[in-house]
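All of the numbers you see were taken from the coordinates with simple rules; none came from a lab. Values in this document were obtained by computation on a predicted structure and should not be read as measured data. Don't worry about glycine lacking a Cβ; one is built from the backbone with ideal geometry, like all the others, and counts go over all protein chains shown.
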Amino acid sequence: MFQVSFDQCNLENTSFAEVNMPNTSFKGCKMLGVDFTEADLSNAIFEECNLSAAIFQNTNLTKADLRLAQNFSIDIRANRVSKAIVLKSNIEGFLKGAGLDFRV
């Protein structure tokens, strides 16, 4: 099985499209514009990663840990997110794709 850990990496605009990488750990990575289209990221950990403009389309995020992820936007209708872990403070990243307008 393919398992990788990325620590403090600049992965900006990298493509992981169609890559099977369950149990992968991303810690402190700059991940702006990363393409995860059709990737298997089940059980992946995203810790202190900036996922601004990252592409999640038909991505398997089952049991992925996004508690400390930042700036992500994941459409729960277009991805598998069963049992993914998020904090209340970053749940907005899952709800943006639902067309909701968040205001304080």
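Assorted remarks:
- Restricting attention to the chain, lysine pairs at least eight places apart or on different chains and with alpha-carbon atoms under 20 angstrom apart total 6.
- Pair residue 78, residue 37: separation of 7 Å Cα→Cβ label points (nm): 1.0 nm
- Formal net charge of residues neighbouring residue 9 (Cβ-Cβ distance under 13 Å; K, R +1; D, E -1): -2
- Taking each DSSP H run with n ≥ 4 as -39500 (n - 2.57) and averaging over every residue of the chain yields -500 deg cm²/dmol at 222 nm.
- The order of the peptides 18-25, 37-44 by mean Cβ neighbours within 10 Å, most packed first, is 37-44, 18-25.
- The chain: relative contact order in percent, alpha carbon pairs under 8 Å with at least 6 residues between: 19 percent
- Gaussian network model of the chain, springs between alpha carbon atoms under 10 Å - residue of 61, 87, 51 with greatest fluctuation: 87
- Kirkwood Rh in Å, taken over segment 1-94 so that all alpha-carbon pairs contribute: 12.6 Å
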